[in-house]
Amino acid sequence: MSHPICRVLSFEIVGAYTLKVKFDDGSAQVIDFRPLLVGELYGPLQDATLFNQVEIDSETHTLVWPNGADFDPAILHDWPEHEKEMVRLTKRWAKTKAKAMS
């Protein structure tokens, strides 16, 4: 089983918390990150100023933020295949965290 190496080449902010991400194979994805912005690592990205500080890491070739948040470039590359599951896991994690804090 091989895991494709995907590299982010560029991105463009196209809306609130939404990026158009271009990859080294010529493909692109438009990703709305809002449903994923919860928890200790991704929650701070709800601050649009912080979210818009996104950059491309020169070593991993993926999106990174100043607080250390990042996403696997293969997940971003194949976003339509992963979106529902990522959102489901995020919601499940948020519920579990809320129960633990109550």
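The values are calculated or read from the model by the stated rules, or taken from the named source; none is laboratory data. Quick caveat: nothing in here was measured; it's all calculated off a predicted structure. Neighbour counts are summed over all protein chains in view; Cβ atoms, including those assigned to glycine, are modelled from backbone coordinates with ideal geometry.
Within region 28-56, take every residue that is small (Gly, Ala, Ser) and out of contact with any helix residue (DSSP H, G or I) (no Cβ under 7 Å at 6 or more places or on another chain) and give me the one that is farthest from LYS84 (Cα to Cα).
Only one residue fits best here, namely ALA48.
Taking region 29-67 only, how many residues are aliphatic (A, V, I, L, M), closer than 15 Å to THR18 by Cα and in a helix (DSSP H, G or I)?
Number of matching residues: 4.
Criterion first (touching a Leu at 6+ places or on another chain (Cβ under 8 Å) and either on the phi > 0 side of the Ramachandran plot or aromatic (Phe, Trp, Tyr) (or both)) does TRP79 satisfy it?
Criteria not met by TRP79.
Can you tell me which residues in region 38-56 are of a type in the set (S, T, N, Q) and either over 15 Å from GLU12 (Cβ atoms) or in contact with a Ser or Thr (Cβ under 9 Å, 6 or more places away or on another chain) (or both)?
GLN46, THR49
State all residues of region 57-102 that are β-branched (Val, Ile, Thr) and either under 21 Å from LEU9 (Cα atoms) or at pLDDT 95 or above (or both); if no residue qualifies, say none.
THR60, THR62, VAL64, ILE75
Could you list, in sequence order, the residues of region 2-20 that are modelled with pLDDT of 95 or more, surrounded by fewer than 12 Cβ atoms within 10 Å (Cβ to Cβ) and in contact with a His (Cβ under 8 Å, 6 or more places away or on another chain)?
Selection gives nothing.
Can you tell me which of (1) out of contact with any helix residue (DSSP H, G or I) (no Cβ under 8 Å at 6 or more places or on another chain); (2) farther than 22 Å from THR90 by Cα is the one PHE23 doesn't meet?
(1)
Just checking, which of ASP57, ASP32 is in contact with a Gly (Cβ under 8 Å, 6 or more places away or on another chain), of a type outside the set (Phe, Trp, Tyr) and in contact (Cβ under 8 Å) with a residue 12 or more places away in the chain?
ASP32
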